[in-house]
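Asker: Dropping the structure in here first, questions after.
The values are calculated or read from the model by the stated rules, or taken from the named source; none is laboratory data. Since the model is a prediction, treat every value here as computed from it, not as a measurement. Here the Cβ positions follow ideal geometry from the backbone for every residue, glycine too, while neighbour counts run over all protein chains shown. To get the accessible areas, we keep the full protein, side chains included, count just its heavy atoms, and leave off ligands, DNA and RNA. Shrake-Rupley method; radii C 1.70, N 1.55, O 1.52, S 1.80 Å.
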Amino acid sequence: MRLACLWVPDFLLQALRRSLPELAEAPLAIAAGPLPRDPIVAVSAEAAEMGVPVGVTAAQVRSRAPAVLVRVTPPAVAAAAGEALADVAGSFSPRIRRSRPGEVM
C-alpha cells in the first residue's frame, strides 16, 4: 500500500496570501480571532525576522512591531484553500481523506 500526505505549513497564512496576492511579501501575522487577546497562530518569514513569534497576542504584535500586519483568515478563504489542496491530492489518487486544515492524505 502506498501512502502520500500533502501538508501546508502555516496553512492559514498561506490561504490568506493565496486570496490576497498583495500580501505575498508583507510581514504578516495570523491571529486565531479578531480580539486583541487572541493568540498569533502563524507568522510569515518577514514577520519572524522582525521578532514576532507564534503564541503572543495580537495586541503584543501591534505594540512591538507596528509594521507587521495582523490579520484573521476568514473561514471561507481557508475552506477555498482546503478545497484547492484536496483537488491537488485528488489528481494523484481517487481516495483522499482530509484530516486537519492544510493536510490531506
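Asker: If you scan region 39-56, which residues turn out to be touching a residue at least 24 places away in the same chain (Cβ under 8 Å) and either more than 13 Å from ARG71 (Cβ to Cβ) or over 13 Å from the mean Cα position of the chain (by Cα) (or both)?
Answerer: Scanning region 39-56 gives a single hit, VAL52.
Asker: Would you check if VAL104 is of a type in the set (A, V, I, L, M), farther than 19 Å from LEU23 by Cβ and touching a residue at least 60 places away in the same chain (Cβ under 8 Å)?
Answerer: Considered against the rule, which asks whether it is of a type in the set (A, V, I, L, M), farther than 19 Å from LEU23 by Cβ and touching a residue at least 60 places away in the same chain (Cβ under 8 Å), VAL104 comes out as yes.
Asker: Could you go through region 21-43 and let me know if any residue there is of a type outside the set (Asp, Glu), touching a Pro at 6+ places or on another chain (Cβ under 8 Å) and loosely packed, with under 12 Cβ neighbours inside 10 Å.
Answerer: No, there is no match, as no residue in region 21-43 is of a type outside the set (Asp, Glu), touching a Pro at 6+ places or on another chain (Cβ under 8 Å) and loosely packed, with under 12 Cβ neighbours inside 10 Å.
Asker: Here's a follow-up. Is region 91-105 home to any residue that is within 15 Å of the chain's Cα centre (by Cα) and open to solvent by 30 Å² or more (accessible area, probe 1.4 Å)?
Answerer: The answer is yes; a qualifying residue exists.
Asker: Confirm whether ALA76 is of a type in the set (A, V, I, L, M), in a helix (DSSP H, G or I) and free of Cβ contacts under 8 Å to residues at least 24 places away in the same chain.
Answerer: yes
Asker: Take GLY55 and tell me if it is part of a loop (DSSP other than H, G, I, E, B) and at positive phi.
Answerer: yes
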